[in-house]
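Notes follow the structure.
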Amino acid sequence: MKEGRITKVSGPLVIAEGLDDAKMFDVVRVGNMRLIGEIIEIRGGKASIQVYEETAGLSPGDPVESTGEPLSVELAPGMLEGIFDGIQRPLNLIEEKAGAFITRGIEVPSIDRSKKWKFEPTVKKGDRVEGGDIIGTVQETVIVEHRIMVPHGIAGTIEEIKSGEFTVVDTIAKVKTDDGEIKEIQMLQKWPVRKIRPYKEKLPPEEPMSTGQRVIDTFFPVAKGGTACIPGPFGSGKTVVQHQLAKWADADIVVYIGCGERGNEMTDVLMEFPELTDPKSGEPLMKRTVLIANTSNMPVAAREASIYTGITIAEYFRDMGYSVALMADSTSRWAEALREMSGRLEEMPGEEGYPAYLASRLAEFYERAGKVICAGSDNRQGALTAVGAVSPPGGDLSEPVTQGTLRVVKVFWALDAALAYARHFPAINWLTSYSLYLDKIEKWIDKEIGSDWSSMRAEAMKLLQEEAELQEIVRLVGIDALSIKDRLTLETTKSIREDYLHQNAFHDVDTYASLKKQYNMLKLILMFHEQAQKALDAGASFKDIVDLPVREKIARAKYIPEDRIDEIIAIQKDIKEQLEGLVAEGGMMSA
């Protein structure tokens, strides 16, 4: 490959000439330190390169060498439990080689070439296979079975397949293609990060991805294979919500991308995740997690690489037939990187200085989510759910990144600074958020959890909207202007807000609530409201109703563990008895 020379250095943008054979998105090595870069524009014999490392010290005349390959990720056993930077370099190996700081130009393998994995074939000699077919398995962690697939583009008959312990670069099988060529298969595959991994068919998302967060699962659910965004101002809890989703979401694999967030937030993830226990298996959560750490003090251009690296890894696990949850925190930092590179390329700016192609780049990213029939002959299904945080300056949701994201995602969890400052977590505003998956997944929830779930949800949302109107009246003329029934509505909605929607992420029990527990908790609150209305009609005192001991039980239902849900159901009996007793005692007392 012909070597070029640098002609200009402008921050993370380097312009080189002499790379005659290079193509768009080829990876290049820049300067004597061999910094990693990617060609993002070729014009008039000059290549514009975005460099994924600090460019200080580069100067015109320094060499640039093209690798002739696009930016790719290595896919093989050994990714789970890994912590990588934006271009899939393992941080633990970098630390061993260079210490606490990432040395520029350092080269470490993304996947360990020396570790041996026990490979168990699932096909035999003479079997017909095609791209995407599973030919064997490796028990990568105690939770996850890594399924080894035939690389895309290969189809034929198994000529030879081995069993035993191998490294990721050892040949484990040979396939004789239809034209008689013998193809060797290793466990290690490479895939260009900007290219969508193929699948057979995209399916409509019809099953919810339960998250254990009541405000999300009940009011604004996301489907498996769906897309969601969490916009909100600084300090409103975007990162904490994403941490909760990563910990508790009903997914087999979690890919968490820290795309340009502050170092202390990423440190929290790196410190917490290894200590967290997976609620389904009892094993450490890291056993099914891949972390990509790319903090705000790392080079700007690497933010874009981290987004593509993360979603390509997520697609690979989806292709095995797993349900994958991808968290990107935050896509605003990626958009800022696009804006900086666009400015240095002297492109015509769009709104607020962002490139004109911002919306299409966001759409390309979220388009890679979905529930699919995977490539291969066995018609297995996999799902990739993408959740992106957006950090609009000052919480201004009209800015281009938020608006571009809202056009493509189907779930909008609007974080509210007022709720966050009132210590209401999750600070998702129930009046401005929405989910476009409700109609699609109602059938599943009504069938699996409770036939009246949808009607209960609609009733609770109606009460919360009524509360917003009543609060306006209270602010203007005081609570005494309200009727007794309206005051009961305010008491019920206060219970919905404080006892149901408010959730303590640091409480061992309250941090997670299953769909069954959520259903029974909401049923208590709405049952109390219905029975209290009947008691008021029968002449019971409003003050006596709101002072009933059972209200304390309703409030504390959130702290009842999952294995004692029967205790929540038993409170229904107390509600009925205490309200009926009140009517019997009070007769026709005035309110």
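The values are calculated or read from the model by the stated rules, or taken from the named source; none is laboratory data. All values reported here derive from a predicted model rather than from experimental measurement. FYI the Cβ positions are ideal-geometry reconstructions off the backbone, even for glycines, and counts take in every protein chain you see. We work out accessible area using only protein heavy atoms, side chains counted, and drop any ligands, DNA or RNA first. Shrake-Rupley method; radii C 1.70, N 1.55, O 1.52, S 1.80 Å.
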Toward the positive end of the charge dipole of the chain, about the Cα centre and with charges on Cβ (Lys, Arg +1; Asp, Glu -1), which of G44, Q465, V240 goes farthest? G44
Mean residue ellipticity at 222 nm from the helices of the chain, using -39,500 (n - 2.57) per DSSP H segment of n ≥ 4 over the full residue count, to the nearest 500 deg cm²/dmol? -10000 deg cm²/dmol
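If packing is taken as the mean number of other Cβ atoms within 10 Å per residue, what is the order of 32-43, 337-348, highest first? Mind showing how you got there, number by number?
Details: 32-43: 18.3, 337-348: 16.8.
Ranking the peptides 32-43, 337-348 by packing returns 32-43, 337-348.
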FRET efficiency for T157 and F25, using Cβ-Cβ distance with R0 set to 35 Å, rounded to 0.05: 0.50
If one compares the long axis through the Cα atoms of helix 565-586 with the longest principal axis of the Cα atoms of the chain, the angle in degrees, nearest 10, works out at 20
Rounding to the nearest 20 debye, state how big the charge dipole of the stretch 170-311 is about its Cα centre with +1 on each Lys and Arg Cβ and -1 on each Asp and Glu Cβ. 300
Which distance in nm do the two modelled labels at R5 and R128 give, with both placed 7 Å along the Cα-to-Cβ direction? 5.8
Could you work out what % of the accessible surface of the chain is carbon and sulfur, using a 1.4 angstrom probe and leaving DNA, RNA and ligands out of the count? 50
Computed accessible area, Y322, all protein chains, 1.4 angstrom probe, square angstrom: 20
So the FRET efficiency between A570 and D452, C-beta based with R0 = 22 Å and rounded to 0.05, is 0.70
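By how many nm would the segment from E472 to D508 lengthen if fully extended, with 0.36 nm per residue of separation less the alpha-carbon distance? Let's see the in-between values first.
On the way: separation 36, 0.36 × 36 = 12.96 nm, distance 3.66 nm.
Gain in length upon complete extension: 9.3 nm.
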The answer for S433, listing residues at least 5 apart or on another chain whose modeled amide H is closer than 5 Å to its amide H, is A414
Taking the Cβ-Cβ separation of N32 and A100 as r and a Förster radius of 35 Å, what is the calculated FRET efficiency to the nearest 0.05? 0.90
Angle between the chain longest axis and helix 515-537 axis [Cα atoms, degrees, rounded to 10]: 20
Full-extension gain between L431 and E459, please, as 0.36 nm times their residue separation minus the C-alpha to C-alpha distance. 8.7 nm
Taking the Cα centroid of the stretch 418-442 and of the stretch 497-517, what is the distance between the two, rounded to the nearest whole Å? 14
If you count the DSSP beta bridges with both ends in the chain, what percent of them are antiparallel, to the nearest 5? 70
Before anything else, pin down the relative contact order of the stretch 179-321: Cα pairs under 8 Å, at least 6 apart, normalised by residue count, whole percent. 24
With everything on Cα atoms, drop me the angle between helix 263-272 and the longest principal axis of the chain, reported from 0 to 90° to the nearest 10. 80
With no solvent and one equal point scatterer per Cα, compute the Debye intensity ratio I(q)/I(0) for the chain at 0.07, 0.08, 0.09 Å⁻¹ and report its log10, rounded to two decimals. -0.50, -0.64, -0.77
Let me know the shape class of the stretch 276-317, please: from the alpha-carbon gyration tensor, a ≥ b ≥ c as square roots of the eigenvalues, rounded when a/c is under 1.5, otherwise prolate if a/b is greater than b/c, or oblate. oblate
For K195 and V108, extending 7 Å from Cα along the Cα-Cβ vector and measuring point to point gives, in nm, a value of 2.8
